[in-house]
Amino acid sequence: MERMEKDDVVTGAAPGSQVSGSRGLFLSRVVRNEPLCREHFRLVLEVDDFPPAAPGQFVQILCAEPNELGWTQGAFIRRPFSIGGLRRGGRRCELDILYRALGTGTRWLSRQRKGEPVSVLGPLGRPFEIHADREIAWLVGGGIGLPPLIWLAQTLSAAGRRAVAFCGARSADFMPLTRVAGVEIVGEQPVLAFEEFASVGVPVITATDDGSLGAAARVPDVFARYLDQHAGQISSAAIYACGPEPMIRATAQIGLAHGIPTAVCLERVMACGMGTCQSCVVRVHDAAAEEGWRYRLCCTDGPVFDAREVVWD
Amino acid sequence: MLQAMNESQVAAQIDLSVRLGRLTLKNPVLTVSGTCGYGDEYAPFMDLRRLGAFTTKSVTVKERKGNAPQRIVETAGGMLNAIGLANVGLDRFVAEKLPVLSRLGVPAIVNVAGHSIDDYLAVCARLDPLDAVAGLELNVSCPNVCDGLIFGTDPKALAELVKQVRAVVKRAVLIVKLSPNVTDITATARSAVDSGADCLSMINTFVGMAINVERQEPVLANLTGGLSGPAIKPLALNLVYKVYQAVAKPAGIPIIGMGGIQNWRDAVEFLLAGATAVGIGTALFIDPTTPLRVLAGLEDYLRRHNLKSVRELTGRLRPNRNEPPAG
C-alpha cells in the first residue's frame, strides 16, 4: 500500500462519520515520545475536541501507519492504554500515555516522532469513582499499572483529598516515574520522591523486587505494613489499585479484609475496546447466574471494578 | 458547498441498492456477526442508518457465558478468536436487544447458532414473525464450540437443517453462513441452496492455533480459534469465486462476501469474484467507520468506471489478459 503525505492523512474520521456522545475516533499528533526507564516510554499526544474523560478510562491506539485505505504495517489490532494524564486548552487536549516497548505495536509506537500522526479511539471504559465520604486515598500500583493512578492522584488532589501512593517495580531501572532531584528514598517512608505525584503533593512509598530502590518488598506487603501503622485511618480511606494481577489481587484481599472500599483497574487482552468482540472477560460474582458467577467485559463494564464483585481465583 | 452538491448529485446517479432474496438493501455494505454487538455499540462513531444491513452477534436458545479467557490473540495479518458464542440467549435478546435493533433504522439480520436442529428451529420460529428481523443467518460454522462444525461440514446434515428451518422461516430472508473448514465448499453451498437458502454468506473464520513457546502452551484457552482479518482475504476470495461459479450464479442466489475486508478495494474484489454484498467484520475493531470508508470508495470506483449500478460488478471478473501465447 502506498503511503500518503502526512498532510492528507485523515484517519480521525471517515467521510460522513460523526463523532458524538462520549467517545470518538481521532487523529492525534505526537508532541513528545521519550524513554522513561529501561522499558517504559512516555508519549504525549495532542488531540482536538477529545470528549470528557476521567482517570481509569483508556484509549485504543492504532500502532500502525494510518493511510488512505485504512491502515498498514505495524500491529493489526489496536492496543489499549490507560490515560496517564490529560490537559486541556481550548479545543486542544494533551493525553499522557505510558507504555512498555515490548511487542510489534509498542515498538512501532516508540519510533514515532514529534508531529507524526497516531490514530486514537476513546475515551473508553468506566473511570474510578471517587468516594464522597472517604477523605484519604491509598493508591497502590505497580509498573505499567501506574499511569491511571498518576492521573487519579492529580484529580484527587484537585478535589482536596489526601493521598499516599505505593509504587512498585521490578528494580530501580524499571520504575516508570521521574525522580525529584535531591529527594532521598529511604525504606518505607512516604516521600515526595517522584515528580508525577510530588507535583500534586502526593508522597510515595517505593518498593522494588530487588531492593534497588525503596523497600526490597512486594507493594502489597509494604501497603499492609502501612495499614497496620495507620489503622485509625481505615474508616476514612479508600483504595485504588492498578498493576500486575497478583499485585492487584493481594491488594484487593487486604482491602476486603479491612472493609475498605477498594477499586481495582484491570487489564485484559482485547481487540475492540467497545464491547463488541467479547474477548476481555472478567469473572464476577452473581448469585443469580449459573455457578454463582458470570463474565463481564473489562472494556465496557470496567476496567475499574469494585474488588468485592471480582472472583479472585 | 459546491463540492458537496456535486457529490450528492453523483450519489443520486449511482444505484448502490442490492437484493438479497426478497430483501432490498440500499447499499451492499453490511456488518459481520460477532464484530458489532447487538446494535448501538458503534453508534458514537457513525450513522448506522448508512449501512446496507446490520448483522448481530449469534443468538442461541439459552444464554452462554462463552469460553474462558484468553479468547483472542493477534497473528500475522489477523487475529484468532475463540469467544465461544457468548450471548444473552433468546429471551433476553428479544426483550432487551431487539428493541434497540428495531430503532437502528437499518435492516437487521440476526445470526442464529445452536447445537441441534431443534435449537435452530426454536430461535428461528420465535424471531421470524418479528418485524424487527429482516433476515436470519444460520451460523453452521462456528469453529469454537465443541459440536459447532457438524452442520457446516457435513452436506447431508446441513441439508436436513436448512430444510427444517426453511419450513418455519416464512418472512425473513434465510441466509446460510458457510464454513471454509471443508474439503469442497461447493458441496455445502449446493446443499444449502438446494434445501431452500435465499442467500449464502461466506466465509466464517478458518480454524487456527497459536502457541506460547516460553510456556509451551496454547495461547487460547480453547486451544484453537477462528482466524480473521486480512490474512484470510485471498482464501475467502477464492472460495467466493468458486461458489459463485459452481452454485450461486447458476441458481441465481446472492452471496454476501466476507473475510478480511479492510477497504473499498477489498470490497470490489469480492464483488468482482461474485459477491452481491460484502460484510465488514474484524476491521470494525480497528476502525468502526470502515463501512463508510468502503461505501465512499465504492461509489467513487463505480463513477470512475462509468457504472450505474453496483449490481453490475457482481461476477464481472474478466479473463486474465496477460496470458502467455499458446504453444
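The values are calculated or read from the model by the stated rules, or taken from the named source; none is laboratory data. If you're wondering where the values come from, they're calculated on a predicted model, not measured in any experiment. Here the Cβ positions follow ideal geometry from the backbone for every residue, glycine too, while neighbour counts run over all protein chains shown.
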Test: A:E196 is under 21 Å from A:G143 (Cβ atoms), part of a helix (DSSP H, G or I) and either among the hydroxyl-bearing types (S, T, Y) or at pLDDT below 95 (or both): yes
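Run down A:P190, A:P246, A:P176 and say which single residue is farther than 25 Å from A:G85 by Cβ, more than 14 Å from every other protein chain (Cβ to nearest Cβ) and not hydroxyl-bearing (S, T, Y). So that I can check it myself, show each step before the final result.
Values: A:P190 fails: farther than 25 Å from A:G85 by Cβ; A:P176 fails: farther than 25 Å from A:G85 by Cβ.
Among A:P190, A:P246, A:P176, only A:P246 is farther than 25 Å from A:G85 by Cβ, more than 14 Å from every other protein chain (Cβ to nearest Cβ) and not hydroxyl-bearing (S, T, Y).
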Members of region A:110-132 that are more than 13 Å from every other protein chain (Cβ to nearest Cβ) and touching a Lys or Arg at 6+ places or on another chain (Cβ under 8 Å): A:K114, A:G115, A:E116, A:P117, A:V118, A:I130
Among the candidates B:I286, B:I255, residue that is away from chain A (no Cβ under 14 Å), buried (at least 22 other Cβ atoms within 10 Å of the Cβ) and not basic (K, R): B:I255
Qualifying residue in region B:271-281 (condition: in contact with a strand residue (DSSP E or B) (Cβ under 8 Å, 6 or more places away or on another chain), farther than 24 Å from B:N181 by Cβ, among the β-branched types (V, I, T) and away from chain A (no Cβ under 12 Å)): no
Hits in region B:38-58 - residues which are over 15 Å from the mean Cα position of the chain (by Cα) and either over 22 Å from A:G273 (Cβ atoms) or of a type outside the set (S, T, Y) (or both): B:G39, B:D40, B:E41, B:A43, B:P44, B:F45, B:M46, B:D47, B:L48, B:R49, B:R50
Candidates B:R126, B:R64, B:R71, B:R50, filtered to the one that is touching a helix residue (DSSP H, G or I) at 6+ places or on another chain (Cβ under 8 Å) and within 12 Å of another protein chain (Cβ to nearest Cβ): B:R50
Complete set of residues in region B:309-326 that are touching a helix residue (DSSP H, G or I) at 6+ places or on another chain (Cβ under 7 Å) and surrounded by fewer than 17 Cβ atoms within 10 Å (Cβ to Cβ): B:R316, B:L317
Count of residues meeting criterion [more than 7 Å from every other protein chain (Cβ to nearest Cβ) and at positive phi] in region A:264-279: 1
Residue check, B:K97 at pLDDT below 95, part of a helix (DSSP H, G or I) and under 27 Å from B:L48 (Cβ atoms): yes
Selection count, region B:263-296, where residues are of a type outside the set (G, A, S) and not in a helix (DSSP H, G or I): 8
Residue in region B:70-88 that is under 20 Å from B:V182 (Cα atoms) and without any contact (Cβ under 8 Å) to a residue 24 or more places away in the chain present: no
